[in-house]
Structures are given as structure tokens and as C-alpha cells.
Amino acid sequence: MVGLGKITKKGKALYLAYDQGLEHGPIDFNDKNVDPNYILDIAKRGKVSGLIFQKGIAEKYKSKVPLIVKLNGKTSLVKGEPLSRQLCSVKEALKLKAKAVGYTIYIGSRHENIMFREFEKIEKEAHKRKLPVILWAYPRGKGVNENSGKNLAYAARVGLELGADIIKIRYNGKIEDMKWAVKSAGKTRVVVAGGKRKSPSGFLQDAKEVMKAGAIGLAVGRNIWQAKEPLEVVSKLKKIIWGKC
Ligand code: FBP
């Protein structure tokens, strides 16, 4: 197994996700957070465990915290069965000084086999170079329930089966479902995505529950950088993840 020491502290992690500009477009942004420098500042001052960028931003904006380069992506303009293709190689990510790479698979999509193939090559190459691989494992596609406990656990298990070091899944608000997903992931570590912005108290409550369920941390975007005081959210999340710090 590849060591996770560069992207975890005491086995736990808080990642700041900022690939939404590709996935959703600037609709998620305001005057401040549309600027990647604003995000770099939150990451640096908040001392998060890793910052997730697509390669274009990583090339132009240098991170002081460990960089995680997302290797595939798609826009929200394409409709139909989801397919997210590779946009950046492991080699390019390493040139950008990435400490890990990320890849999304839409479990249940008619095109999941294409993403499985791409992921397999990435996983092989990244592991050869001792680079951890984080799999965004999202159940999605025609007739696929994105939030059922059964499918979240299935997504988690796919991460273990395919060789991911960490999987990033969503929380459906049911702690028992998260416990089962964590169990299903075996030795693959689980981090949980933030999702659309929620009330701060609701979001922090979710964070407490996923940690109780056995996740090693969270990978959050909008609930941090859309907040009025992002560093306050980071600090509260760190307390939940690491206890007093
Ligand atoms: P958020 O915390 O903002 O939800 O970010 C997590 C994330 O996985 C991002 O990395 C990604 O851009 C986004 O969610 C994708 O969301 P969706 O697939 O629901 O459009």
C-alpha cells in the first residue's frame, strides 16, 4: 500500500476541494471565491491537508499545502449518462508537484466501464510512483439512486476493489449507512464530500457523524469557501476531525 503520510496527519485529513469551476461553472462563485488566490489563502492559513485543483489552475497558482490534482472532469452542460474522461496524466500531475491524484467514477453509469479502464491505468502508474490515488465514487446514472445507503456502500466497495487508497463519497444523513460504507471500503480510507452549502450547524453536525462512523476526514469545497468566514469553518472542522488542535 502507498503511504498516505504526505496527505494525512495522524491518519486523518481535511481537503479543500476547488474543482467546481469545471464541474459546475462559475455559478458556484462570488466576487471573492472566483479567484483561486482566495482559495490558496484559505488553504495556507487553515493548514488543510491538501488542496484539490484541476491541472490548469495548478499550473498557474502555486499551493503551499499538498496539492492533489484531479485527473478527470466534465462540465454540467452535457446531459445524459455521465462520463468523466481523463484530462491530465499522472506524469503531468507529478511535474506540478502533486502529492496525490484524484479521479471520479460514476458508479452505475452506462459508461462506468470507460472510467474503470482509465482509473485502472492511473492507479497502476500512480502506485508505481508511490503517489496515493483518491477515487471520487459517486453513484449516478439513469435509474441509479445517488443517495441510497446501499449505493453509497457499493461505491465505497468499488474503491477497495479497484485499488483506491482513499475514496470520497457523499453522506446521505444516515450514520448507519455511513458506518456500513466505511466497513465496505475495508482498508481503503473514506473521506466525505461537503455538497451544496448548508447551514453551518447542520454541516458541522454531518461532519461529526461521518467521523463517528469511521471516516478519516472530509473533502469540502462550497461549505468552506462559500462561507462568510471560511477559516472559522476550517477551524471547527479540524476540531471535529482531530479533536482539540
Ligand atoms: P463540494 O464540497 O463543494 O460538494 O465539493 C465536492 C465535490 O466532489 C467537488 O470535488 C466536485 O467538483 C463536486 O463535488 C462535484 O459535485 P457534483 O458531482 O454533485 O456536481
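Each value in this text was obtained by applying a stated rule to the coordinates, not by laboratory testing. These numbers were taken from a predicted model, which means no experiment stands behind them. For neighbour counting, all protein chains shown are included, and Cβ atoms are generated from backbone atoms with ideal geometry for every residue, glycine included.
Sequence-distant contacts, meaning Cα pairs under 8 Å at least 6 residues apart, place the relative contact order of the stretch 4-240 at 17 percent. Put simply, the amide H of G102, placed in the peptide plane, has neighbours under 5 Å in V69, K70, L71, I134, leaving out anything fewer than 5 places away on its chain.
Straight-line reach from K91: which lysines have Cα under 16 Å away, leaving out those fewer than 8 places along the same chain? By straight Cα distance, K91 reaches K55, K70, K99, K121, K124, K128, K130. Normalised by residue count, the stretch 62-193 yields a Cα convex hull volume of 112 Å³ per residue. Report, in whole Å, the centroid distance computed from the Cα atoms of the stretch 208-240 and the stretch 117-188. The distance from the Cα centre of the stretch 208-240 to that of the stretch 117-188 comes to 20 Å. Dividing the mean sequence gap of close Cα pairs (under 8 Å, 6+ apart) by how many residues the stretch 141-185 holds gives a relative contact order of 49 percent. Note on S199/I114: beta-carbon distance plugged into 1/(1 + (r/R0)^6) with R0 of 30 Å gives a FRET efficiency of 0.20.
By the helix-only formula, in which each DSSP H run with n ≥ 4 contributes -39500 (n - 2.57) and the sum is divided by residues, the chain has a 222 nm mean residue ellipticity of -11500 deg cm²/dmol.
The GluC sites (Glu not before Pro) of the stretch 131-207 that DSSP puts in a loop, and whose beta carbon has at most 16 other beta carbons within 10 Å, are E146. Annotation: extensible slack from K44 through H24 equals 4.8 nm (criterion: 0.36 nm per residue apart, minus Cα-Cα distance).
What percentage of all Cα-Cα pairs in the stretch 2-98 are separated by more than 19 Å? That tail contains 45 percent of the Cα-Cα pairs. Among N145, Y106, S89, whose Cα lies farthest out toward the positive end of the dipole of the chain, if unit charges sit on the beta carbon of Lys, Arg (+1) and Asp, Glu (-1)? Projecting each Cα onto the dipole axis, the largest value belongs to S89. Taking label points 7 Å from Cα along the Cα-to-Cβ direction, L160 and K95 give a separation of 3.8 nm. By the rule of a C-alpha distance below 12 Å, with chain neighbours fewer than 8 residues away ignored, the aspartates and glutamates paired with K95 are E59.
Over all pairs of different C-alpha atoms, the chain has a mean inverse distance whose reciprocal, the Kirkwood radius, equals 17.7 Å.
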